[in-house]
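Here is the structure we will look at.
The values are calculated or read from the model by the stated rules, or taken from the named source; none is laboratory data. As the structure is a prediction and not an experimental result, all values here were calculated from the model. No Cβ is skipped: glycine too gets one built from the backbone with ideal geometry, and neighbour counts run over all protein chains shown.
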Amino acid sequence: MLKKSNIFKDVKKVHLIGIKGRGMVSLAKLLCDLGLEITGSDTSETYLTDKLLSKLPVRVFEGFNQENITADTDLIVSSVVYYDYLNHLPLLNNPEVNQALKNQLNLYAYPQFLGKLFQESYGIAISGTHGKTSTTALTGLIFEKGGLDPTTICGGEVVKWEAPSRVGKSEFFILEADEYRESFLNYKPEVLVVGSLSYDHPDYFNSFNDYLSAYIKLIEQVKPGCIIFVLGDNPNSLKTVESFDKNKIITYGVSTGMDLTIPERDIFNGFQQFTVQYYGKYVGKFSFPLPGIGYLQNALVSIGIALEKGVHLKAIQSSLKEYLGTRRRFEIKKRTPYVVIDDYAGLPREIETTLKGTREFYPKNTIWAVFQPHTYSRTEALLKDLAESLNYADKVVVLDIYAPPREKEGKVHSLDLIKMLGKKGIYQKTNSEAIDYLQNEVKDNDVIITMGIGEVWPVADALSL
């Protein structure tokens, strides 16, 4: 299906600028599966995605240089970190974007390029501040199990696929729709999920109202007849659809009065077990191996999408029960003598939901949160909420703030968070210091959960040896 897209006409070689980004790696895998030659460039820093890239037939250049774009390159796709596609300007003075613009080469930003493919498919867009990756992965796996053979692009590695994306032969395209820099406005879906919303990306959105306005714009541009699922448990999510025809909106959640809901829920033997009702009608009973309300909401909307597209109930049930997850989403890396879990949670609501879910699965254990704040602007804007959410752990190790290329300094420090945590807070500057500290302090049966959007995962890896 994708190979027939007009965007690939006369294209044999593609260069990806900022290839180590999560979405860019997913795109690299997809393009490789389509049989195209791929090169890419990025900084020399170590990323979690390095392992995925090493499995692909891709040449990766360390550092950005205009010579990385060779004469036989037919198409260039850049991360939005390095290309302001709305104003046709390079960001961070990227020399490759500079060259592509100067020489009028065939250049797209990542969301622009995906938008072209998405528009030619039956597009299912998964949006929201929280839960996008898990919902996208689970929906893709359910569709695959149900024989619908979708193309799927996630922002993380799907364990079962050992990849963040897959190329299908059907018309279905399931996409994680990122809101950063309003990237998701490149997509006009047939099915849209508006998941849990809370303020994020303060380096781009000046206020929470600006942030919510981006979602309203997305809803305004969906295709006629679009099925829109909105998380009714989240008042912010409901605000985005206040002015739209309620007959086109399907609410989902664990609260009463939802169109798609969970009347009964229990924890048993490492699974959440729950029943589902859709418009008051009993659907069935399900088992799901990830804890907490957040993951349950992700599973619920995946069930709803599958029901709308006619996937057989048994395929949905088995997909949920057999779900192996995605990397860095409550990924259990060690079970004895102590438990080690790695999770991507970096925002207050994610942290709170993840720690509450951990407590449900491990009610009598001491829970250590090892947290790396991500970006100075985000940490400054959310400092109080971060402290409150981390208090759901028994002990909290805080690392230095992770600074990506777009934001190398700020007005806040991890010690500001430590002060707000009081006696629970333990400052460790680096991953190696945190590893040494935890190896001496952690007791048998303790639960360690590393959390953060940046590069805290090596702590979990080291403690899992």
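Candidates 276, 340: the one that is among the aliphatic types (A, V, I, L, M), crowded, with 18+ Cβ neighbours inside 10 Å and more than 24 Å from the chain's Cα centre (by Cα) is 276. Residue 89 fulfils the conditions (1) surrounded by 15 or more Cβ atoms within 10 Å (Cβ to Cβ); (2) under 18 Å from residue 113 (Cβ atoms) except for a single criterion, (1). Please work out which residue is farthest from the chain's Cα centre (by Cα), limiting yourself to segment 159-186 and to residues that are of a type in the set (Phe, Trp, Tyr) and surrounded by fewer than 22 Cβ atoms within 10 Å (Cβ to Cβ). Only one residue fits best here, namely 161.
Looking at this structure, is residue 156 surrounded by fewer than 20 Cβ atoms within 10 Å (Cβ to Cβ), not assigned by TED's automatic domain parsing to the domain that holds residue 43 and not in a helix (DSSP H, G or I)? Spelling it out, it is not the case that residue 156 is surrounded by fewer than 20 Cβ atoms within 10 Å (Cβ to Cβ), not assigned by TED's automatic domain parsing to the domain that holds residue 43 and not in a helix (DSSP H, G or I). Of the helices (runs of 4 or more DSSP H) that lie entirely inside segment 1-112, those containing 2 or more residues that are touching a residue at least 60 places away in the same chain (Cβ under 8 Å) and within 22 Å of the chain's Cα centre (by Cα) span 22-33. Residues in segment 235-270 that are farther than 19 Å from residue 189 by Cβ, touching a Lys or Arg at 6+ places or on another chain (Cβ under 9 Å) and surrounded by 14 or more Cβ atoms within 10 Å (Cβ to Cβ): 1 in all.
Assessment of segment 320-329 against the conditions (surrounded by fewer than 16 Cβ atoms within 10 Å (Cβ to Cβ) and aliphatic (A, V, I, L, M)) yields at least one matching residue. Residues of segment 191-222 that are among the small types (Gly, Ala, Ser), surrounded by 15 or more Cβ atoms within 10 Å (Cβ to Cβ) and part of a loop (DSSP other than H, G, I, E, B): 195, 198. Taken over segment 363-408, the residue count meeting the criterion of being assigned to a loop (DSSP other than H, G, I, E, B), out of contact with any Phe, Trp or Tyr (no Cβ under 8 Å at 6 or more places or on another chain) and not acidic (Asp, Glu) is 10.
Quick check: is even one residue across segment 357-368 within 29 Å of residue 464 (Cβ to Cβ) and in contact with a Gly (Cβ under 6 Å, 6 or more places away or on another chain)? Within segment 357-368 (the criterion being within 29 Å of residue 464 (Cβ to Cβ) and in contact with a Gly (Cβ under 6 Å, 6 or more places away or on another chain)), the answer is yes, since at least one residue qualifies. Of all the numbered requirements in (1) touching a residue at least 60 places away in the same chain (Cβ under 8 Å); (2) farther than 23 Å from residue 49 by Cα, residue 454 misses one, and that requirement is (2). Going through (1) farther than 18 Å from residue 302 by Cβ; (2) in a loop (DSSP other than H, G, I, E, B); (3) in contact with a Phe, Trp or Tyr (Cβ under 9 Å, 6 or more places away or on another chain) one by one, residue 266 falls short only on (2). Against the conditions (1) farther than 24 Å from residue 345 by Cα; (2) in contact with a Pro (Cβ under 6 Å, 6 or more places away or on another chain), residue 271 satisfies every one except (1). Taken residue by residue, segment 71-83 has at least one member that is of a type in the set (Phe, Trp, Tyr) and in contact with a strand residue (DSSP E or B) (Cβ under 6 Å, 6 or more places away or on another chain). Does any residue of segment 345-362 turn out to be hydrophobic (A, V, I, L, M, F, W, C), surrounded by fewer than 20 Cβ atoms within 10 Å (Cβ to Cβ) and assigned by TED's automatic domain parsing to the domain that holds residue 451? No, segment 345-362 contains no residue that is hydrophobic (A, V, I, L, M, F, W, C), surrounded by fewer than 20 Cβ atoms within 10 Å (Cβ to Cβ) and assigned by TED's automatic domain parsing to the domain that holds residue 451. Out of 437, 427, I need the residue that is out of contact with any strand residue (DSSP E or B) (no Cβ under 6 Å at 6 or more places or on another chain) and of a type outside the set (A, V, I, L, M, F, W, C). Which one? After ruling out the rest, the residue left standing is 437. For residue 462, state whether it is assigned to a helix (DSSP H, G or I) and either in the same structural domain as residue 338 (by TED's automatic domain parsing) or of a type in the set (Gly, Ala, Ser) (or both). Yes, satisfied. Taking segment 178-235 as the range and being among the aliphatic types (A, V, I, L, M) and in contact with a strand residue (DSSP E or B) (Cβ under 9 Å, 6 or more places away or on another chain) as the test, the residues that pass are 191, 192, 193, 194, 197, 218, 219, 222, 227, 228, 230, 231. Determine whether residue 307 is part of a helix (DSSP H, G or I) and crowded, with 23+ Cβ neighbours inside 10 Å. Taking the combined requirement at face value, the residue does not satisfy it. When we screen 378, 349, 335 for residues that are out of contact with any Cys (no Cβ under 8 Å at 6 or more places or on another chain) and without any contact (Cβ under 8 Å) to a residue 40 or more places away in the chain, the only hit is 335. Looking only at residues in segment 363-390 that are farther than 19 Å from residue 207 by Cα and of a type in the set (Gly, Ala, Ser), the one that is surrounded by the most Cβ atoms within 10 Å (Cβ to Cβ) is 369. What do you reckon, is residue 54 at negative phi, surrounded by fewer than 18 Cβ atoms within 10 Å (Cβ to Cβ) and in contact with an Asp or Glu (Cβ under 6 Å, 6 or more places away or on another chain)? Considered against the rule, which asks whether it is at negative phi, surrounded by fewer than 18 Cβ atoms within 10 Å (Cβ to Cβ) and in contact with an Asp or Glu (Cβ under 6 Å, 6 or more places away or on another chain), residue 54 comes out as no.
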